[in-house]
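The values are calculated or read from the model by the stated rules, or taken from the named source; none is laboratory data. Because the structure is predicted, anything quoted here is derived from the model rather than measured. Positions of Cβ are generated from backbone atoms using ideal geometry, with glycine treated the same way; all protein chains shown enter the neighbour counts. Quick note on the areas: whole protein, heavy atoms, side chains included, nothing else; ligands and nucleic acids left out. Shrake-Rupley method; radii C 1.70, N 1.55, O 1.52, S 1.80 Å.
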Amino acid sequence: MYIGGGTPSVLPLYVFSNLLGTLRECGHGGPFEEFTVEVNPEDIVEKGAAYVEGLLRLGVNRVSMGVQSFDDGILRWMNRRHDSATAVKAYRILESAGVGNISVDLIFGLSQLSDDQWNKTLDKSLGMSSKGCLPHHISSYQLSVEPGSALASLVGKGEWEEASEELCARQYAILCDRLHDAGYHHYEISNFAQPGFEAKHNSAYWRHVPYVGLGPGAHSYSGAVRQWNKDNLGQYLQAGKTCDLSIIQEHEKLDKEQLLLEHIMLGLRTSAGLPEEYLRANCSAGSVETALSCGHLVHQPDGSLRIPESHFFISDNIIASLV
């Protein structure tokens, strides 16, 4: 179970309880092997340990916190409501309340983010604990400019410049080196875990495991059909009242070629990679051999091929060359 996207930590505990009660009535109320809730630091500081303990009583056993940066200037630029001190305080509330699996999100690849600032953010991320423990999981993403976003508007007006490819590659390399030295398993391009704390929900996506998404804008996947709800709360609530979800749902049926492409693309994002025979059978003629010869793919002891960490940053180009 994963409750996230948006800001679920603004919700009172009874909303989580009602949600779980409804799922339980349908035979899907848990207990869950992994039950993650996304939180914002300011919500945890405002609501305190009692709120976190309430989440744990409901079965939550993993918390993902959107820190993004430990530079207060960058946090203000991102319009985040918390500062770096609040992020540290929130983390310590989570661990003191008994959360045994905490993940933090970080962002790199901003034109105004220097390597020194990035290293300091990593220093603080690894040193947040009052108990001398490392975060169990770290997700780190390069800032992307989405069409139609406020950031895209700033770029279009010449009021902000995207980071260079060179800066992004360098900061990604810093990330990989620092977390490797700290003992993390780099199990997917953007995700690092202490051994045994790899996220089960994300790992399911990369293995093409079917999932159900509930709520406006949520996506589901059945194994052959991808379905998504319109991002309109009013329409979603009306559909619930009439029990006619078709008015808010859209879908696409994936053909064999699309499924194959997604399987390769998702599998090669991970440290596990994909079986060599599978890639040779389904990639362009000669492309696997070419990728092996230039080090874009490497053999693993179990017979799989993977993109080495040193080439993760250019994985999109490598995957495109294979398919």
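In debye to the nearest 20, how big a dipole does the stretch 237-291 give about its Cα centre with +1 on each Lys and Arg Cβ and -1 on each Asp and Glu Cβ?
Details: 5 positive and 9 negative charges, 34 e Å.
Dipole size: approximately 160 debye.
Using packing as a proxy for protection, rank 203-210, 123-130, 36-43 so that the peptide with the highest average count of other Cβ atoms within 10 Å comes first.
Details: 203-210: 14.5, 123-130: 16.6, 36-43: 22.0.
Top to bottom by mean Cβ count within 10 Å: 36-43, 123-130, 203-210.
Over the heavy atoms of HIS185, what accessible area does a 1.4 Å probe trace out, to the nearest 10 Å²?
Solvent-accessible area, nearest 10 Å²: 70 Å².
From the protein chains alone at 1.4 Å, what is the descending order of accessible area for LEU259, LEU305, LEU19, LEU237, largest first?
So, going from the largest accessible area down, we get LEU237, LEU19, LEU259, LEU305.
Indicate the gyration tensor shape class of the stretch 227-285 (rounded, prolate or oblate), computed on the Cα atoms with a ≥ b ≥ c the square roots of the eigenvalues: a/c under 1.5 is rounded; otherwise a/b larger than b/c is prolate and the rest oblate.
It comes out prolate by the Cα gyration axes.
Taking a cut-off of 27 Å between Cα atoms, list the lysines near LYS256, but don't count ones fewer than 8 places away on the same chain.
LYS200, LYS230
Taking θ = phi - 60°, what integer Hz values does the Karplus form 6.51 cos²θ - 1.76 cosθ + 1.60 yield along the stretch 74-79, in sequence order, with x for Gly and Pro?
Taking θ as phi minus 60°, the curve returns 5, 4, 5, 4, 7, 6 Hz for the stretch 74-79.
What's the ranking of 23-32, 167-176, 215-224, 274-283 by average number of surrounding C-beta atoms within 10 Å, highest first?
Going from most to least packed, we get 167-176, 274-283, 215-224, 23-32.
Taking loop as defined by DSSP and a crowding limit of 14 other beta carbons within 10 Å, which GluC sites (Glu not before Pro) in the stretch 140-224 fit?
Here the sparse-neighbourhood loop sites are GLU159, GLU161.
Relative to the compact globular guide of 2.2 N^0.38 Å, what is the alpha carbon radius of gyration of the stretch 42-139, as a ratio?
That ratio works out to 1.07.
Please arrange LYS200, LYS241, LYS47, LYS131 by accessible surface area, largest first, computed with a 1.4 Å probe and ligands excluded. Intermediate results must be reported in sequence, preceding the final value.
Numbers: LYS200 90, LYS241 160, LYS47 65, LYS131 125 Å².
Most to least solvent-accessible, the answer reads LYS241, LYS131, LYS200, LYS47.
What is the distance in Å between the Cα centroid of the stretch 80-138 and that of the stretch 241-265?
36 Å
Most fluctuating residue of LEU122, LEU254, LEU268 in a GNM of the chain with Cα springs under 10 Å: which is it?
So, out of LEU122, LEU254, LEU268, the one fluctuating most is LEU254.
Take LYS230, LYS120 and sort them by solvent-accessible surface of the protein heavy atoms, 1.4 Å probe, largest at the top.
Solvent-accessible surface, decreasing: LYS120, LYS230.
Please list 3J(HN,Hα) in residue order for the stretch 272-279, calculated via the Karplus relation 6.51 cos²θ - 1.76 cosθ + 1.60 where θ = phi - 60°; whole Hz, with x for glycine and proline.
Coupling constants for the stretch 272-279: 6, x, 9, x, 4, 5, 5, 5 Hz.
Computed from the coordinates I sent, Rg/Rh (Cα atoms, Kirkwood Rh) equals one of (1) 0.97; (2) 1.05; (3) 1.11. Tell me the label.
Here the calculated entry is (1).
Using square roots of five times the C-alpha gyration tensor eigenvalues, list the equivalent-ellipsoid semi-axes of the stretch 182-323 in whole Å, biggest first. If you can, show how the numbers build up before the last one.
Values: eigenvalues 243, 71, 26 Å².
Computed over the stretch 182-323, the values are 35, 19, 11 Å.
With the cut-off at 15 Å, report for the stretch 117-192 the share of all Cα pairs above it, as a whole percent.
Taking all Cα-Cα pairs of the stretch 117-192, the fraction more than 15 Å apart is 64 percent.
Suppose R0 equals 22 Å; then what is the FRET efficiency for VAL15 and ILE247 from their Cβ-Cβ distance, rounded to the nearest 0.05?
0.35
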